Amino acid sequence: MSNGAQPEVALTRNTFQMLALFAVCVTLSSSNQKPPDIVGKWEAWIKIDGPLTRYGASGYGSKWEIDLLANGHYSEDIVNHIMADVVSHTEGTYKVVGTKVYLDGVAKFVSSEGDKSASHTGPEKQTLNIVRGMLVLPRSDDNSIYYIRVGKNPPDDLLHPKPGPSDSKAVAIIHQLESTYSGFKLYVDQGTSTSTGKAFEAKHATFTTSFDRKTHKFRYEAKLDDHGQVYKTTGAWSDGKKSWLYDSE
């Protein structure tokens, strides 16, 4: 009986040894897997009316960049001089876990608009997703930020997205609108705008427009409201030679 049991014990030991060796190989293989190569400078791209657009393409010294260093440290700089002066600088550390990049830093923020200014210093934590060679900061309403390596372009389907089918009724309204307004030498109108609130658009606003085709004088004003309470007014006007823009909270 004991002789008959020995081969079974030997088989069990051999199986155990093979499993142990397999586990060691898997562990070594996993430890040798390199994390995604994300070291370097990345610049932000945002969606404007469909395609991705580089944030700095707006000019006026604007930029939005993240610099990921090989030692696990990073810095982020945001500069904007359109409608308001905004400068933000963040420094901290990052780590890569799978397809996610965790940023942990301290942000210094300064803004000025006319005679108003503000500054703030505080912790800044962000989680980026590594997707198709990009670093994506997910946000709601399709307003995600896409970080692309400096000097590179996003995937073609994001840079040149195919437009969806147009609503035939909407197209007919636009054509009628173009035909009607093209014959006016002078017009004044007012209306209401409603939207889903995506892409920083107001869900509800009222507007007035006036235009003199002969002198090229133009005036436009929009009032953004929330349940009837106006919280922002924007306007643009021209004397036919120069143009001005007004934006007030």
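Every read-out reported here was derived from the displayed coordinates using simple, explicitly stated rules and does not represent laboratory data. It should be emphasised that the depicted structure is a prediction, and the values quoted were computed from it without experimental measurement. Here Cβ is always computed from backbone atoms with ideal geometry, including for glycine, and neighbour counts include all displayed protein chains.
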### Summary
Rounded to 0.05, the calculated FRET efficiency for the beta carbons of W244 and R139 at R₀ = 30 Å is 0.40
### the stretch 38-191, relative contact order [Cα under 8 Å, separation at least 6], %
18
## Note on the structure
Between Y181 and D156, Cβ-based FRET efficiency (R0 35 Å, step 0.05) works out to 0.45
### Query
Roughly speaking, what is the stretch gain from V87 to S75, that is 0.36 nm per residue apart minus the C-alpha to C-alpha distance, in nm to one decimal?
3.0 nm
### Task
Mind jotting down the distance between the C-alpha centroids of the stretch 150-225 and the stretch 76-119, whole Å?
31
### Task
Would you calculate the separation in nanometres between label points at Q229 and V131, each defined as 7 Å from the Cα along the Cα-to-beta-carbon direction?
3.5
#### Entry: For I66, net neighbour charge (Lys/Arg +1, Asp/Glu -1) across residues whose Cβ lies under 9 Å away
-4
### Message
Normalised by the empirical 2.2 N^0.38 Å for globular proteins, what value does the Cα Rg of the stretch 167-249 take?
### Response
1.25
### Query
Arranged by the count of other C-beta atoms within 10 angstrom, fewest first, what order do W244, W42 take?
W244, W42
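By per-residue mean of other Cβ atoms within 10 Å, what is the highest-first order of 92-99, 73-80?
Highest to lowest by the protection proxy: 73-80, 92-99.
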### Query
Which cross-chain or sequence-distant (5 or more) residues have an amide H under 5 Å from the amide H of V150, H modelled 1.01 Å from N in plane?
K41, W42, E43
## Note on the structure
The extension gain from T196 to I173, computed as 0.36 nm times the residue separation minus the Cα-Cα distance, is 6.3 nm
